[in-house]
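Below is one structure, written out as structure tokens; comments come after it.
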Amino acid sequence: MFKKSFIEKKNTIVEKIKNSKFQIRLPIILTIGIAAGIMIGATFAGPEQTASNFLKSVLKFREVMTLIDRSYVEDVNTDEMVEIAVAKMLENLDPHTIYVSAKDVELSNSDLKKDFEGVGIEFNIFRDTIVVLAPLSGGPSEKVGLLAGDKIVTVDGEIVAGIGITNRGVIDRLRGKKGTKVEVGIRRQRNTELLNFTIVRDKIPQYSVDAGYMVDDEIGYIKISRFSETTYDEFREKLKYLVDNGMKKLIIDLQQNPGGYMDRAVNISDELIANNSMIVSQEGKEPRANMEYRAYRNGLFEEGPVIVLINEGSASGSEIVAGAVQDNDRGLIVGRRSFGKGLVQSMFRLSDGSELRLTIARYYTPSGRSIQKPYNDGLSEYNKDFHTRVEHGELFHADSIKFNDTLKYQTSKGRTVYGGGGIMPDYFIPLDTGWNSLYYIKLRNNNVVREFALNYFQKNEKKLKKMEFSEFLTDFEIDEQMMRDLIGFGEKLGVKYDEEGLRKSEKTIKVMAKASIARNVWGRESYVPIINEINEIFQEALLLFDEAEMLASK
């Protein structure tokens, strides 16, 4: 019937089109069509042919939408149809060009802003279900124990799974004034019953530098979780603190950092790299998209060895920093191959308040390599890259990673590096899964460790607050009695004791419990130094400063 209406009515449009609601919005549609049409059409034809084909395409789209608006047998929501059409059209470009509707712009931008009020989670909607990607560091959801991977099934008693909920629906239910409460029902992996949490909304601190501390008398450490509005200021503040406290060697931890604002990554690199050296360049179709970013300021740490930590979750801005450090032979990259996002997006605000985040350029590391991984097999395969790496054994064996010799480049001092899909570290650290067990997974999924830590803190608050964090870090241990209490706490929550599982995971469980207690006492930054005791990439990096120092001194 849909197709038939088009055919029957196509030749009836001979009269002047009325100024319907849709016609008023038509310039918005054409604006979107123009932006996408330029990207699609210009690749395949010369200037004159491109212009002609482009105009034909825009007119065809207008004709079809006009026919639907005026003549389709039933009333339709043309706004929704345009949203669907634009999103589908952009799928033919690249995985990082996206359209954000006007109602979703605020939510989409919020994780890079300074702060907001709400429950503090990063989320996405998969298979009509709200899935927690990560509880924001220091936020109320993290405090009550929400975990990455949790599925939000109910909010204040209302079922929100399987109802076609949108991003706007989520923000309307979870955002709110500081001090107000919201009840969420969580489905956690391997749990048959809902887990219920009461979250007190708060002003969410959008910290992007999770920690900065002296590991010993010489080594400083800074962990950056993303590149947001305040990242450079936060980083520089931590860097100055470390330098003032005698830092001679620096570790920058970019593991699981998905990126963000490009200029923040450039500015951070500039604190490490001197003498007008290239940091990153970008090239696009339009001349104004072609830019070079070079070191120009007197950075706080332009001498002394640097080690940058990356893994398969490090993307975009993280790869700019890692690429600049590696290609300028400024330091060592340690960890596992990064994500591989080398495309630059520019935000175009449309007249109805929506946004088109259009890829306008590719960026290139100082040696000239593009680190964007292939995306010609479609968005689905692109998003399965992590699982592909697991299947190929790449996370466990460096020799499983194959490079194309045509994408070979040289660093400033002649070291060989490769383009074509992420930054390959100078030192590969395999993923350690030997500590994992089903018992640990059950403890984690049932929030046992965090609830035990909170319970311990509440019972021992006065004693703990009399301690200095440095004393806690070196002297406090989860002893046998505490482990028995934790095991008993787990059994009360339905997690049966597993002796073999505990043997494999005991160290990890103890470190997680200690870190969770510390966070309750001293806040979010106290968590990282303790967790780093089981961070295999960090631990290996501590042993590589002799080589990093040799590279820095050449």
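Looking only at the range 525-539, residues that are surrounded by fewer than 17 Cβ atoms within 10 Å (Cβ to Cβ) and either in contact (Cβ under 8 Å) with a residue 40 or more places away in the chain or among the aromatic types (Phe, Trp, Tyr) (or both) come to 2 in all.
Every test in (1) under 30 Å from Ala518 (Cα atoms); (2) modelled with pLDDT under 85 is passed by Ala102 save one, and that test is (1). Ser346 satisfies every condition listed in (1) surrounded by 18 or more Cβ atoms within 10 Å (Cβ to Cβ); (2) of a type in the set (Ser, Thr, Tyr); (3) farther than 28 Å from Gly246 by Cα except (1). Can you find a residue that is at pLDDT 95 or above, outside any strand (DSSP E or B), in the same structural domain as Gly340 (by TED's automatic domain parsing) and more than 20 Å from the chain's Cα centre (by Cα) anywhere in the range 226-236? Within the range 226-236 (the criterion being at pLDDT 95 or above, outside any strand (DSSP E or B), in the same structural domain as Gly340 (by TED's automatic domain parsing) and more than 20 Å from the chain's Cα centre (by Cα)), the answer is yes, since at least one residue qualifies. Determine whether Asp399 is acidic (Asp, Glu) and touching a residue at least 12 places away in the same chain (Cβ under 8 Å). When the stated conditions are applied, Asp399 does not pass them. For the range 334-345, the criterion of being within 26 Å of Leu542 (Cβ to Cβ), in a strand (DSSP E or B) and in contact with a helix residue (DSSP H, G or I) (Cβ under 8 Å, 6 or more places away or on another chain) is met by at least one residue.
Filtered by the rule that a residue be in a loop (DSSP other than H, G, I, E, B), on the phi < 0 side of the Ramachandran plot and surrounded by fewer than 18 Cβ atoms within 10 Å (Cβ to Cβ), the range 187-207 gives Gln189, Asn191, Thr192, Glu193, Leu194. Restricting attention to the range 109-119, the residues that are closer than 14 Å to Val170 by Cβ and modelled with pLDDT of 70 or more add up to 3. Would you mention how many residues in the range 362-418 are among the aromatic types (Phe, Trp, Tyr) and either more than 17 Å from Ser281 (Cα to Cα) or assigned to a helix (DSSP H, G or I) (or both)? Residues in the range 362-418 being among the aromatic types (Phe, Trp, Tyr) and either more than 17 Å from Ser281 (Cα to Cα) or assigned to a helix (DSSP H, G or I) (or both): 5 in total.
Can you find, within the range 83-99, the residue that is modelled with the highest pLDDT among those that are acidic (Asp, Glu) and not in a helix (DSSP H, G or I)? Per the stated criteria, the residue is Asp94. Just one of the listed residues (Lys177, Lys223) is touching a residue at least 12 places away in the same chain (Cβ under 8 Å), among the basic types (Lys, Arg) and in the same structural domain as Leu272 (by TED's automatic domain parsing), namely Lys223. Candidates are the residues of the range 226-244 that are touching a residue at least 60 places away in the same chain (Cβ under 8 Å) and in contact with a strand residue (DSSP E or B) (Cβ under 6 Å, 6 or more places away or on another chain); the one that is nearest to Ile531 (Cα to Cα) is Arg226.
Selection within the range 339-377: residues that are among the aromatic types (Phe, Trp, Tyr) and within 27 Å of Gln410 (Cβ to Cβ). The member of this set that is farthest from the chain's Cα centre (by Cα) is Tyr364.
Pairs linking a residue in the range 427-444 that is closer than 22 Å to Phe538 by Cβ to a residue that is aromatic (Phe, Trp, Tyr), with Cβ atoms under 8 Å and 6 or more positions apart or on different chains, are Pro430/Phe396; Leu431/Phe396. Here Val76 meets the list (1) at pLDDT 65 or above; (2) over 20 Å from Leu350 (Cβ atoms); (3) assigned to a helix (DSSP H, G or I) almost entirely, failing just condition (3). Of all the listed residues (Lys514, Lys504), the sole one being part of a helix (DSSP H, G or I), of a type in the set (Lys, Arg) and either under 28 Å from the mean Cα position of the chain (by Cα) or buried (at least 21 other Cβ atoms within 10 Å of the Cβ) (or both) is Lys514. Each residue in the range 406-422 was checked for being in contact with a Lys or Arg (Cβ under 7 Å, 6 or more places away or on another chain) and surrounded by 18 or more Cβ atoms within 10 Å (Cβ to Cβ), and 5 of them qualify. Within the option set Lys223, Lys178, being within 25 Å of the chain's Cα centre (by Cα) and closer than 26 Å to Val131 by Cβ holds for one residue only, Lys223. Applying the criterion of at least 2 residues that are of a type outside the set (Gly, Ala, Ser), at pLDDT below 90 and surrounded by 13 or more Cβ atoms within 10 Å (Cβ to Cβ) to the helices (runs of 4 or more DSSP H) found wholly in the range 432-494 leaves 438-445, 448-459.
From the list Glu302, Glu381, the one residue that fits, being free of Cβ contacts under 8 Å to residues at least 24 places away in the same chain and surrounded by fewer than 19 Cβ atoms within 10 Å (Cβ to Cβ), is Glu381.
Ser71 falls short on exactly one of the conditions (1) farther than 30 Å from Gly176 by Cα; (2) modelled with pLDDT under 85; (3) in contact with a Lys or Arg (Cβ under 6 Å, 6 or more places away or on another chain), and that condition is (2). The set of residues from the range 503-513 being without any contact (Cβ under 8 Å) to a residue 60 or more places away in the chain and in contact with an Asp or Glu (Cβ under 9 Å, 6 or more places away or on another chain) comprises Lys510, Val511. The residues of the range 384-405 that are at pLDDT below 80 and of a type in the set (Ser, Thr, Tyr) amount to a single one, Ser400.
The values are calculated or read from the model by the stated rules, or taken from the named source; none is laboratory data. Since the structure is predicted, the reported quantities are computational estimates derived from the model, not experimental observations. Cβ: placed from backbone, ideal geometry, glycine included. Neighbour counts: every protein chain shown.
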